[in-house]
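The values are calculated or read from the model by the stated rules, or taken from the named source; none is laboratory data. Please read all numbers here as calculations on a predicted model, not as lab measurements. Backbone-built Cβ (ideal geometry, glycine too); neighbour counts: all protein chains shown.
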């Protein structure tokens, strides 16, 4: 598979996210209910982490993608004027015999380019599912309840106070009663946000943003809030909800833009942690998880 490494991958991806935010679009609030979960046409493998939001933000009717090499192998071609989208992946650098003893393999972020099937011509019809991009109607509330019930090591969920929060020391989630929300979907979206926070507990994923109990407005707090925001949006879309209750708050967008422009690793780090949190809640096999970059590292 052809890769391109001449540019800084973090900068390439961050620039795409910044462009979306500056237009008032929040990529991780996109839903794949109508167009299907982004996956590779040939391998059928679903994309993960930041790649989900990069591909969803393209707004294609069918979220099926493939590389130029894959396209040529099946006899297809790119339509005139179409541009590819970068997709990131981790390439492990294996220690050399000359490296000091005990040197461990290190993940290095790389990217390759993919095209949506709507950008291509000459695709064999047998490769495209008849129902591509169309999913059966589901029952979002029932689905939400099932996700919550099956979450491993789930914290206690209380309804004692009229505010939503996760208490890391006593390890419980408090939620206002469901009738106090605009609708049931708003309740579950908020609960998902708090449950993503809870995955950071030392007995679950041991995420430093939670374990160190970041203060309001601090660096770790900002990162943790974005992790919970992205994770909640992922879960809402997984459950077939429209995410209409996630408001495009100007203050949040401004804060994210400022952080993205000052730290190009921020969005990759937050997305990787959100993916890991969602995998935990959905009880996805840990072996398929990607490494999480150190947001404090420098080139």
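Out of 13, 74, 50, which single residue is surrounded by 12 or more Cβ atoms within 10 Å (Cβ to Cβ), touching a strand residue (DSSP E or B) at 6+ places or on another chain (Cβ under 9 Å) and either modelled with pLDDT of 95 or more or in the same structural domain as residue 257 (by TED's automatic domain parsing) (or both)? Spell out the reasoning first.
Working: 13 fails: either modelled with pLDDT of 95 or more or in the same structural domain as residue 257 (by TED's automatic domain parsing) (or both); 50 fails: either modelled with pLDDT of 95 or more or in the same structural domain as residue 257 (by TED's automatic domain parsing) (or both).
That would be 74, the only listed residue that is surrounded by 12 or more Cβ atoms within 10 Å (Cβ to Cβ), touching a strand residue (DSSP E or B) at 6+ places or on another chain (Cβ under 9 Å) and either modelled with pLDDT of 95 or more or in the same structural domain as residue 257 (by TED's automatic domain parsing) (or both).
Determine which single condition residue 26 fails, assuming it passes every other condition in (1) crowded, with 21+ Cβ neighbours inside 10 Å; (2) without any contact (Cβ under 8 Å) to a residue 12 or more places away in the chain.
(2)
Taking residue 246 as meeting all but one of (1) within 21 Å of residue 195 (Cβ to Cβ); (2) modelled with pLDDT of 80 or more, write down the number of the exception.
Against the list (1) within 21 Å of residue 195 (Cβ to Cβ); (2) modelled with pLDDT of 80 or more, residue 246 comes up short only on (2).
Which of the following residues is outside any loop (DSSP other than H, G, I, E, B) and at pLDDT below 85: 134, 141, 157, 148? Quick ask: steps written out before the conclusion?
Details: 134 fails: outside any loop (DSSP other than H, G, I, E, B); 157 fails: at pLDDT below 85; 148 fails: at pLDDT below 85.
Testing whether each residue is outside any loop (DSSP other than H, G, I, E, B) and at pLDDT below 85 leaves just 141.
Could you look through segment 208-239, keep only residues that are at pLDDT below 85 and assigned to a loop (DSSP other than H, G, I, E, B), and pick out the one that is surrounded by the most Cβ atoms within 10 Å (Cβ to Cβ)? Give the derivation first.
The initial filter retains those residues of segment 208-239 that are at pLDDT below 85, namely 213-222.
Narrowing the set further to residues that are assigned to a loop (DSSP other than H, G, I, E, B) leaves 213-218.
Numbers: 213: 12, 214: 19, 215: 9, 216: 7, 217: 9, 218: 12.
Once the filter is applied, the top-ranked residue is 214.
For segment 94-107, state whether one or more residues are touching a residue at least 60 places away in the same chain (Cβ under 8 Å) and within 30 Å of residue 229 (Cα to Cα).
Our first condition is that a residue be touching a residue at least 60 places away in the same chain (Cβ under 8 Å); within segment 94-107, this holds for 107.
Narrowing further to those that are within 30 Å of residue 229 (Cα to Cα): 107.
Yes, there is a match, as at least one residue in segment 94-107 is touching a residue at least 60 places away in the same chain (Cβ under 8 Å) and within 30 Å of residue 229 (Cα to Cα).
Take residue 123 and decide whether it is farther than 30 Å from residue 173 by Cβ, surrounded by 10 or more Cβ atoms within 10 Å (Cβ to Cβ) and at pLDDT 90 or above. Break it down stepwise before answering.
On the way: farther than 30 Å from residue 173 by Cβ: yes; surrounded by 10 or more Cβ atoms within 10 Å (Cβ to Cβ): yes; at pLDDT 90 or above: yes.
Yes, satisfied.
Just checking, how many residues over segment 165-177 are surrounded by 15 or more Cβ atoms within 10 Å (Cβ to Cβ) and either free of Cβ contacts under 8 Å to residues at least 24 places away in the same chain or out of contact with any strand residue (DSSP E or B) (no Cβ under 7 Å at 6 or more places or on another chain) (or both)?
The number of residues fulfilling the criteria is 7.
Looking at segment 174-188 only, could you name the residues that are assigned to a helix (DSSP H, G or I), touching a helix residue (DSSP H, G or I) at 6+ places or on another chain (Cβ under 7 Å) and more than 17 Å from residue 149 (Cβ to Cβ)?
As a first pass, look at segment 174-188 and keep what is assigned to a helix (DSSP H, G or I): 178-180, 184-188.
Right, trim to touching a helix residue (DSSP H, G or I) at 6+ places or on another chain (Cβ under 7 Å) and you get 178, 184-185, 187-188.
Residue satisfying the conditions is 185 alone.
Which residues, taken from segment 189-204, are crowded, with 20+ Cβ neighbours inside 10 Å and in a loop (DSSP other than H, G, I, E, B)?
Of everything in segment 189-204, those that are crowded, with 20+ Cβ neighbours inside 10 Å and in a loop (DSSP other than H, G, I, E, B) turn out to be 199, 200.
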